[in-house]
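Trainee: Shown below is the structure under consideration.
The values are calculated or read from the model by the stated rules, or taken from the named source; none is laboratory data. Being a predicted model, the structure only gives us computed values, none of them experimental. Because the Cβ atoms are built from the backbone with ideal geometry, glycine has one as well, and the counts that use them run over all protein chains shown.
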Amino acid sequence: MRTRALVAALLAALLPSAGACATAPCGTSPAAASAPATPSAQPSPVAPSPPPVNDLLVLLDRWYDNLVAMRHIPGMAIVVLRGPEVLWRREAGFADLASGRAVSPSTRFYAGSVTKLVTAVAALQLRDAGRLELDAPVTRYLPDFTVAGGDASRVTVRMLLTHRSGLRREGADPYWMTYDFPSWRTLAAELAAAPLDAPPGTRTAYSNVGMAVLGQVIAAAADEPYADYVATHVLAPLGMTASGVGGGDAALAGLATPYSREQRHLHGARRALAAGDPRALSPAFGLVTTAADLARFARFLLGADPGGSSVLAPDSVAEMMAPQDAGPVWTEARGLGFELEKVKGYLRASHNGWFSGHRAQIALVPELGLGAVVLANADDAPVADVAGRVLDDLIDADTLARLAPASALAPPDRDLAALVGLYGAAWLPERDVVLLSDGLWQYTPTTSASLPVRHGLARLLPMGGDRFHVGSADGQIIRFARDADGCGARIVLQDGAVWLERRPARP
């Protein structure tokens with residue numbers, strides 16, 4: 001436990017705030033870090049950051065932009081939190097390919113099943129107010145709720161939260177094929193005609209219709225429609241003013257165009273999809289939000305929002321992240337809304353989301369105060385891998401072991417910074433050149449979201465005259481050719497027989 005406490009203290013004291021990375025000149029490499037998600041907010045004071053973590057953020061910038069471009073993801077936004085602060089934020093690509101509208105912090109996305117966490121917060125909020133009992137039967141709040149076989153009275157509110165109700169995953173209508181989602185009356189009639197898949201409380205099986213039932217329970221306990229209750233008692237107090245639950249014109253305003261991919265392979269053409277209205281299934285996957293708003297929700301769940309306790313008591317938030325159906329030794333479990341796992345010795349609470357061509361992920365490491373939210377407008381975007389990769393690299397044992405005493409960073413070497421950028425040729429793998437605290441490095445961009453960000457890095461060892469060994473003193477020799485402005489224009493190989501041209505920054 002002392003080791004974990006030391007790790008947490010090191011992270012709190014030494015990880016940099018957003019904007020700590022240096023930018024490269026020549027107008028071709030992206031800015032290293034973006035502004036905080038709330039531009040008007042004053043950043044909290046932080047200690048100067050040690051080079052290894054600044055280096056990681058520089059690499060994350062390049063890795064993220066290359067990943068979006070090479071996987072042909074239309075647009076993706078990420079916010080990484082360290083407690084109340086935005087540690088790193090990035091937007092890449094387009095909210096709409098046809099118009100060229102770029103993804104921004106205010107771009108709205110469907111969060112899909114991340115909505116289930118909002119629904120869980122609403123349920124626990126009502127529980128804490130004495131208006132809802134988790135272990136009470138659903139029929140206490142919905143007297144007309146029935147299932148074929150007469151088992152409805154054995155289904156409890158907690159079972160809906162933990163996916164142990166025995167209810168089937170979906171309703172009888174083929175709404176995933178037609179995107180014509182049912183009303184509650186229609187869905188309730190379908191459930192009444194269908195037997196449970198398992199006796200209540202005996203099996204964990206993911207259920208969207210279970211969350212739809214929970215939404216109706218919340219509405220009955222609160223005596224107001226689910227969407228109105230969530231908007232007033234969860235979203236508004238957290239400052240999630242660009243968010244809402246459900247469909248309609250208001251939900252579609254500013255929404256990123258959703259895309260699928262023809263033929264389901266990496267280079268298949270993108271196809272725009274129609275946005276859907278989840279109607280009765282809104283408590284399961286109907287949240288529309290922005291990266292900035294979802295980061296506010298994550299900050300609240302990390303206990304880093306000063307006003308968060310007015311929405312839900314800290315003990316109740318912790319209850320959401322406590323395993324509900326696991327023994328004393330576990331690696332994966334379910335909380336109240338959350339999916340739980342142990343990664344690198346720490347609890348990770350997360351949830352993935354998909355709806356109408358959009359993907360979403362929220363992942364938290366509460367012990368370290370770290371969180372990541374990712375939103376994308378492609379139904380094949382690897383948002384869970386992206387969030388997990390970033391968090392893994394931030395808590396990687398090697399990174400933490402190399403944390404040095406805090407010290408002010410030296411300004412970047414402008415002469416070397418002029419060589420930073422992406423270089424490539426039609427038949428050769430691209431090389432991305434980055435400037436870290438100890439000099440220039442190169443790596444080959446990849447479509448993988450699961451490999452460590454440092455995978456494939458090779459240091460460029462200076463030989464003089466813009467010539468470098470790659471990786472070691474006996475490694476390949478490369479030479480940079482500069483343009484009239486002194487910026488890198490080519491990487492020259494094999495004594496000039498082969499070269500890679502500098503390419504524009506990723507859009």
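Trainee: Mind checking which residues of segment 203-238 are within 24 Å of ASN352 (Cβ to Cβ) and part of a loop (DSSP other than H, G, I, E, B)?
Mentor: Selection gives ARG203, THR204, ALA205, TYR206, SER207.
Trainee: Name the residue that is surrounded by the fewest Cβ atoms within 10 Å (Cβ to Cβ), counting only residues in segment 182-202 that are under 32 Å from the mean Cα position of the chain (by Cα) and not in a loop (DSSP other than H, G, I, E, B).
Mentor: Ranking the qualifying residues of segment 182-202, first place goes to TRP184.
Trainee: I'd like the residue in segment 442-473 that is among the hydrophobic types (A, V, I, L, M, F, W, C) and closer than 20 Å to ARG503 by Cβ and, out of all such residues, is modelled with the lowest pLDDT.
Mentor: Ranking the candidates gives LEU457 first.
Trainee: Being at pLDDT 95 or above and not β-branched (Val, Ile, Thr) narrows it down to one of TRP354, TRP330, so name that one.
Mentor: TRP354
Trainee: With the condition kept exactly as written, say whether any residue in segment 267-278 is modelled with pLDDT of 90 or more, buried (at least 20 other Cβ atoms within 10 Å of the Cβ) and among the hydrophobic types (A, V, I, L, M, F, W, C).
Mentor: No: segment 267-278 contains no residue that is modelled with pLDDT of 90 or more, buried (at least 20 other Cβ atoms within 10 Å of the Cβ) and among the hydrophobic types (A, V, I, L, M, F, W, C).
Trainee: I would also like to ask the following. Which condition from (1) part of a strand (DSSP E or B); (2) surrounded by fewer than 23 Cβ atoms within 10 Å (Cβ to Cβ) is the one that MET76 breaks?
Mentor: (2)
Trainee: Quick check: is even one residue across segment 320-337 within 22 Å of the chain's Cα centre (by Cα), within 18 Å of ILE362 (Cβ to Cβ) and in a helix (DSSP H, G or I)?
Mentor: Checking segment 320-337: at least one residue is within 22 Å of the chain's Cα centre (by Cα), within 18 Å of ILE362 (Cβ to Cβ) and in a helix (DSSP H, G or I).
Trainee: When the residues of segment 389-421 are filtered to those that are in contact with a Lys or Arg (Cβ under 8 Å, 6 or more places away or on another chain) and in the same structural domain as GLU341 (by TED's automatic domain parsing), which remaining residue is modelled with the highest pLDDT?
Mentor: LEU391
Trainee: Still on this structure: Within segment 338-351, track down each residue that is assigned to a loop (DSSP other than H, G, I, E, B), more than 23 Å from THR202 (Cα to Cα) and not charged (D, E, K, R).
Mentor: Of segment 338-351, the ones assigned to a loop (DSSP other than H, G, I, E, B) are 338, 344-345.
Filter once more, keeping what is more than 23 Å from THR202 (Cα to Cα): 344-345.
Answer for segment 338-351, where residues must be assigned to a loop (DSSP other than H, G, I, E, B), more than 23 Å from THR202 (Cα to Cα) and not charged (D, E, K, R): just GLY345.
Trainee: Say we look at segment 330-365 and pick out the residues that are farther than 28 Å from GLY276 by Cβ and of a type in the set (D, E, K, R); which of these is surrounded by the most Cβ atoms within 10 Å (Cβ to Cβ)?
Mentor: ARG348
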